Amino acid sequence: MKTTVLVFHPNLETSRVNKELAQAVLNDPNHDATVRDEYAAYPDGRIDVAAEQRLVEDSDRIVLQFPFYWYSSPSLLKLWEDKVLEYGWAYGSTGHAFEGKEIMLAVSAGSGEADYQHDGSHHATMEELLKPFATMADYVGARYLPPFVVYGVGAGIDDDTLAATARRYAQVINEPAK
């Protein structure tokens with residue numbers, strides 16, 4: 001299975017968590033994954049639509065990795081969706097590029113998991129807040145996989161926990177969907 005991890009972090013080099021997650025995928029000897037820093041590829045926001053569409057076409061699983069900003073994704077991911085998911089390619093009567101593929105999210109959240117409950121500080125679950133991505137996957141005919149969420153990033157994660165989380169992420173990226 002060919003996996004492409006598209007990392008949408010505005011400054012991946014200074015991100016302790018997202019950088020570690022991406023590196024764990026690259027270091028996993030059992031992986032067949034490509035990891036791309038989308039902000040490094042498109043610092044001016046001018047997305048090469050044809051190149052991104054080829055990445056999707058050549059992949060079985062597409063992982064969108066990003067920090068959770070204001071209950072959504074960083075702006076480049078939204079722009080990526082707007083530009084790359086074209087009518088006639090991703091959806092519509094002739095748009096079948098995602099059929100048979102999987103879409104997975106890898107999200108780092110500043111708050112703890114308890115905050116993402118109805119009685120928590122955000123008054124919604126992470127699943128509810130990520131629903132637009134599940135709907136997008138369904139709309140383009142892809143299978144939406146359970147997201148990989150790293151909670152509590154804002155409070156800091158000790159090195160051992162981060163290393164274990166990154167190893168688990170690399171395993172999840174490469175395991176067959178259930």
Of all residues in segment 79-109, count the ones that are assigned to a strand (DSSP E or B) and either more than 20 Å from residue 8 (Cβ to Cβ) or among the polar types (S, T, N, Q) (or both). 3
Search result, residues across segment 6-45 that are surrounded by 15 or more Cβ atoms within 10 Å (Cβ to Cβ), closer than 18 Å to residue 81 by Cα and among the charged types (D, E, K, R): 36, 37, 38
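Can you tell me which residues in segment 119-151 are among the aliphatic types (A, V, I, L, M) and either within 23 Å of residue 18 (Cβ to Cβ) or modelled with pLDDT under 95 (or both)?
First, pick out the residues of segment 119-151 that are among the aliphatic types (A, V, I, L, M): 124, 126, 129-130, 134, 136-137, 140, 142, 145, 149-150.
Those that are among the aliphatic types (A, V, I, L, M) and either within 23 Å of residue 18 (Cβ to Cβ) or modelled with pLDDT under 95 (or both): 124, 126, 129, 130, 134, 136, 137, 142, 145, 149, 150.
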If you go through segment 133-151 one residue at a time, do you hit one that is more than 30 Å from residue 98 (Cβ to Cβ) and in a loop (DSSP other than H, G, I, E, B)? no
Can you tell me which of 116, 139, 91, 144 is within 16 Å of the chain's Cα centre (by Cα) and either touching a residue at least 24 places away in the same chain (Cβ under 8 Å) or buried (at least 16 other Cβ atoms within 10 Å of the Cβ) (or both)? 144
Do you know which of the residues in segment 51-85 that are open to solvent by less than 10 Å² (accessible area, probe 1.4 Å) and among the charged types (D, E, K, R) is nearest to residue 18 (Cα to Cα)? 61
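The values are calculated or read from the model by the stated rules, or taken from the named source; none is laboratory data. Worth saying up front: this structure is predicted, and the values here are computed from it rather than measured. Positions of Cβ are backbone-derived with ideal geometry, glycine not excepted, and every protein chain shown enters the neighbour counts. Areas reflect the complete protein model, heavy atoms only, side chains present, ligands, DNA and RNA absent. Shrake-Rupley method; radii C 1.70, N 1.55, O 1.52, S 1.80 Å.
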